[in-house]
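A short worksheet on the structure shown next.
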Amino acid sequence: MNPTYLEYAANGFYLLAVFLAARNSIHTWWLGIIGCALFSLLFYQVKLYAEVLLMLFFIVTNVMGWYQWGRASGIKQVSTTPLLRLAGYAALALLVTALYGYMLHRLTDAYAPFADSAILMFSVIAQFLLMNRKLETWWFWLIVNTLAVPLYFSRELQLTAIVYTGFWFNACYGWYLWRRLNAAQRSSV
């Protein structure tokens, strides 16, 4: 598939999936599966190997999230994560970023292995927080998008960089909406 068409298709599906995540919609998951599959092909073509691994991870977790959000017993309220736990997640992400980035740097022809690895690790944390409807997921998505935009521009994936700029604003929007949901849930108890 032509990289340009592949980039358009991947961004189209993923853009809709990310927007629906901010809206707390279950449809985020199946659209995300399609978008991630397309992105894995695109990122492989431009030698962003940690991103390929990330997209494969997202496919698996999208299936899990779809299942979890779809069952009555799996429905969770939007809630918050203790600050100490978030600090632990961030420290773990930084440690694994350094190790995986070094491994990619030494063993592959990866482009920007440390930035690529940081996007991978912070995305993993953000995804698990999203699956559990934790408000702080949006903080981690802001970090991911801040790192991803310049990386994608540097690989001449202009459309993807522009879409991820939109994802940055969507993360602000998601944080705002989920914060309101969390406050409404707390006040109704």
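Once a ≥ b ≥ c are taken as the square roots of the eigenvalues of the Cα gyration tensor of the stretch 91-189, is the result rounded (a/c under 1.5), prolate (a/b larger than b/c) or oblate (a/b not larger than b/c)? Mind dumping the intermediate values first?
Details: a/c = 4.29, a/b = 1.74, b/c = 2.46.
Cα axes put the stretch 91-189 in the oblate bin.
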Inset, instruction - Extending each Cα 7 Å along its Cβ direction at N24 and L159, get the distance between those two points in nm, one decimal. - result: 3.3 nm
Legend entry - Heavy-atom accessible area ranking, 1.4 Å probe, most first, across S117, S25: S25, S117
Inset, instruction - Tell me what the chain gives for mean residue ellipticity at 222 nm when only DSSP H runs of n ≥ 4 count, each as -39,500 (n - 2.57), the sum divided by the residue total, rounded to 500 deg cm²/dmol. - result: -28000 deg cm²/dmol
Inset, instruction - Provide the per residue accessible area, probe 1.4 Å, for the chain, rounded to a whole number of square angstrom. - result: 51 Å²
Inset, instruction - Measure nothing fancy, just the Cα-based angle from helix 28-45's long axis to the longest principal axis of the chain, in degrees from 0 to 90, nearest 10. - result: 20 degrees
Inset, instruction - On a 0 to 90° scale, report how tilted helix 83-107 is relative to the longest principal axis of the chain, with both axes built from alpha carbons and the result rounded to the nearest 10. - result: 10 degrees
Legend entry - the chain - convex hull of the alpha-carbon atoms, volume per residue in Å³: 103 Å³
Legend entry - Phi-based couplings in Hz for the stretch 171-187 (Karplus 6.51, -1.76, 1.60; Gly and Pro marked x): 5, 5, 5, x, 4, 4, 5, 5, 5, 5, 4, 4, 5, 5, 5, 5, 6
Inset, instruction - Would you grab the residues whose amide H sits under 5 Å from the one on T80? Only those 5+ places off in sequence or on another chain, please, with H modelled 1.01 Å from N. - result: L135
Inset, instruction - Over the stretch 40-173, with every protein chain in place, what whole percent of the accessible area is carbon and sulfur at 1.4 Å, could you tell me? - result: 72 percent
Legend entry - Percentage relative contact order, the chain, counting C-alpha pairs under 8 Å, at least six apart: 23 percent
Inset, instruction - Note down the nm distance, to one decimal, between modelled labels 7 Å out along Cα→Cβ at A183 and at Y111. - result: 4.3 nm
Inset, instruction - On a 0 to 90° scale, report how tilted helix 3-22 is relative to the longest principal axis of the chain, with both axes built from alpha carbons and the result rounded to the nearest 10. - result: 20 degrees
Legend entry - Karplus 3J(HN,Hα) series, Hz, for the stretch 113-130 with 6.51 cos²θ - 1.76 cosθ + 1.60 (x for Gly, Pro): x, 6, 5, 4, 5, 5, 4, 4, 5, 5, 5, 4, 4, 4, 5, 5, 5, 4
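The values are calculated or read from the model by the stated rules, or taken from the named source; none is laboratory data. Predicted, not measured: the structure shown is a model, and the values here were computed from it. FYI the Cβ positions are ideal-geometry reconstructions off the backbone, even for glycines, and counts take in every protein chain you see. All accessible areas refer to the heavy atoms of the entire protein, side chains included, with ligands and DNA or RNA removed. Shrake-Rupley method; radii C 1.70, N 1.55, O 1.52, S 1.80 Å.
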